[in-house]
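Enquirer: Once you've had a glance at the structure underneath, I'll fire off some questions.
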Amino acid sequence: MLPKNVLGWYHFLLAKVGAMIYGFPSRKMVIIGITGTKGKTSTANFIWSVLNAAGFKTGIITTANIRIGEQESLNKYHMTMPGRFILQKTMAEMVDAKCKFCVVETTSEGIKQWRHIGIDYDVAVFTNLSPEHLAAHENSFEKYKEAKGKMFAALNVKKRKIIDGREIQKVIIANFDDENKDFFLNFAADKKITFGLDSQADVVATNIDDAADGVTFNVSSNNYRLNIVGGFNVHNALPAIVVAKLFDINDATIQRGLENLAQIPGRMEEIKQGQNFRVFVDYAHEPKSMEAALNTSRKIVGNGKLIVLLGAEGRGRDKTKRPAMGKVAGELADFVVISNVDPYEDDAAAILRDIKVGAEMAGKIENINLFVIEDRRAGIRRALKLANTDDIVLITGKGAEQSITIAGVKYPWDDRIVVSEELAKISENI
């Protein structure tokens with residue numbers, strides 16, 4: 001094992017070499033970096049959709065998907081920021097495809113490995129911050145926050161680009177409703193713009209209507225509609241409005257762009273196989289995102305039952321979140337199924353037991369309304385079989401991830417495909 005400082009230099013040099021090999025592609029596009037604990041992938045996709053509606057060819061690199069203009073593929077790397085050579089190669093492909101913008105979901109782990117060094121950011125977006133991935137940052141929330149801040153620190157040191165004859169300003173966009181906003185707003189930039197529900201934000205969402213088929217809200221006198229369920233998506237959509245205004249996109253185009261985005265892979269993605277209940281696959285994998293997904297599902301389900309499947313990762317990921325997630329699930333869902341996510345080399349049964357403790361604290365009773373099923377496919381099958389007419393089944397933890405790692409072995413996996421297969425089997429047996 002290399003010493004930390006040597007390993008750091010190794011990653012730093014690789015980032016520089018990768019950018020050099022592929023001709024520094026980030027210097028030839030407007031680069032929008034998004035960081036935070038949750039909502040990054042959705043925010044990136046909303047920005048893509050609005051820029052696309054305005055006729056700007058745009059690329060994105062996110063946990064769930066990679067887009068180069070209209071061409072979309074799933075992120076198969078099980079890393080939000082793929083290795084620096086893949087990252088730079090993908091941006092070079094965007095340049096070759098004549099993309100003007102590139103949106104990069106930027107993680108604390110990627111920053112820790114210096115992957116951001118080979119990227120010349122122009123706009124830095126802060127979504128929110130809560131304890132997650134702390135094990136990678138010496139179990140310190142402050143160190144986790146400081147890692148995120150490095151993307152903002154890098155913003156102003158790079159020279160301003162000239163793209164299509166226009167000087168691109170350095171801009172910070174921050175969630176005013178998050179208590180950590182001031183840390184990110186204190187970095188230098190040409191412009192700093194806040195968004196949120198608080199009336200003191202620069203861009204404020206009001207009159208939010210969170211319905212079963214989407215969300216509507218107002219910003220000033222303009223009404224916007226999202227065709228993706230979940231009131232929490234308002235916070236994910238607001239940065240797209242800010243970015244659009246920076247580049248002189250009119251309100252009608254912004255409205256069209258937000259409405260055009262009908263699906264984000266693995267983000268409250270509905271799976272339909274003709275069943276008489278609704279099924280959503282969502283990436284929620286920490287307490288706050290779990291609570292948001294469950295609250296959205298609870299609003300939609302009405303008098304029906306809410307069934308949730310959840311799990312947690314191994315490999316040193318934050319263990320304290322496990323009982324917290326179990327407790328939230330136990331409080332907000334009628335039935336809880338606990339199953340594998342990615343135990344990696346860790347004891348899968350121990351991870352599930354940690355979650356079970358939280359669910360039992362919330363009053364759930366094993367084999368009555370709480371089920372612990374290690375095999376994820378079997379867990380999904382049980383969750384679906386618990387559902388009746390007008391119920392909702394929420395499958396969380398993996399979203400559109402393309403693999404699952406158990407006992408150190410990586411297997412192909414896609415929750416959406418597995419759910420579809422299991423729904424088809426249920427239909428055949430009716």
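Enquirer: Run the numbers on segment 269-424 and let me know its relative contact order in percent, using alpha-carbon pairs under 8 Å that are six or more apart.
Expert: 32 percent.
Enquirer: Report which label in (1) 0.99; (2) 0.96; (3) 1.11 holds the value of Rg/Rh (Cα atoms, Kirkwood Rh) derived from the coordinates of this structure.
Expert: Label (2) holds the value from this structure.
Enquirer: What relative contact order, as a whole-number percentage, does segment 4-260 give when Cα pairs under 8 Å and 6 or more residues apart are counted?
Expert: 21
Enquirer: What is the extension gain from VAL17 to ASP213, computed as 0.36 nm multiplied by their sequence separation minus the C-alpha to C-alpha distance, in nm to one decimal?
Expert: Contour length minus Cα-Cα distance gives 65.9 nm.
Enquirer: For the cross-link pairs LYS327/LYS385; LYS57/LYS161; LYS170/LYS245; LYS40/LYS288; LYS57/LYS245; LYS76/LYS272, which exceed 20 Å when the distance is taken from alpha carbon to alpha carbon?
Expert: Over 20 Å Cα-Cα: LYS327/LYS385; LYS76/LYS272.
Enquirer: Here is a further query. When THR253, THR396 are ordered from fewest to most other Cβ atoms inside 10 Å of their Cβ, what list results?
Expert: THR253, THR396
Enquirer: Hey, got the Cα dimensions of segment 310-399 along the principal axes, in Å, largest first?
Expert: 40, 26, 21
Enquirer: May I ask you to sort ASP164, ASP415 by Cβ crowding, counting other Cβ atoms within 10 Å and putting the fewest first?
Expert: ASP164, ASP415
Enquirer: Another question about this same structure. Please order ASP347, ASP318 by the number of other Cβ within 10 Å, starting at the fewest. Write down the numbers at each step before the final one.
Expert: Numbers: ASP347 11, ASP318 17.
Ascending number of Cβ neighbours within 10 Å: ASP347, ASP318.
Enquirer: Given q = 0.12, 0.17, 0.20, 0.21 Å⁻¹, what are the Debye log10 I(q)/I(0) values for segment 269-424, with equal point scatterers placed on the Cα positions and solvent ignored?
Expert: Evaluating at q = 0.12, 0.17, 0.20, 0.21 Å⁻¹ gives log10 I(q)/I(0) of -0.43, -0.89, -1.26, -1.40.
Enquirer: If I take all pairs of Cα atoms in segment 30-77, what percentage of them are more than 16 Å from each other? Please report the intermediate quantities before stating the final value.
Expert: Values: 388 of 1128 pairs.
Counting every Cα pair in segment 30-77, those more than 16 Å apart make up 34 percent.
Enquirer: Hey, rough spin-label estimate for LYS143 and ASP96, points 7 angstrom out along Cα→Cβ, what's it come to in nanometres?
Expert: 4.0
Enquirer: Also, I was wondering about something else. Ignoring everything except DSSP H segments at least 4 long, calculate the 222 nm mean residue ellipticity for the chain; use -39,500 (n - 2.57) per segment, divide by total residues, nearest 500.
Expert: -11500 deg cm²/dmol
Enquirer: So what's the gap between the Cα centers of segment 344-417 and segment 231-257, to the nearest angstrom?
Expert: 35
Enquirer: Moving on to the next point. So how long is each side of segment 4-260 along the principal axes, counting just the alpha-carbon atoms, biggest first, in Å?
Expert: Extents along the principal axes, in whole Å: 53, 41, 35.
Enquirer: Considering all alpha-carbon pairs of segment 263-334, what whole percent are spaced by more than 15 angstrom? Walk me through the numbers before you get to the answer.
Expert: Details: 1428 of 2556 pairs.
When every Cα pair of segment 263-334 is considered, 56 percent fall beyond 15 Å.
Any read-out appearing in this document is the output of simple, stated calculations on the displayed coordinates, not a laboratory observation. Nothing here was measured: the structure is a model prediction, and the numbers come from that model. Because the Cβ atoms are built from the backbone with ideal geometry, glycine has one as well, and the counts that use them run over all protein chains shown.
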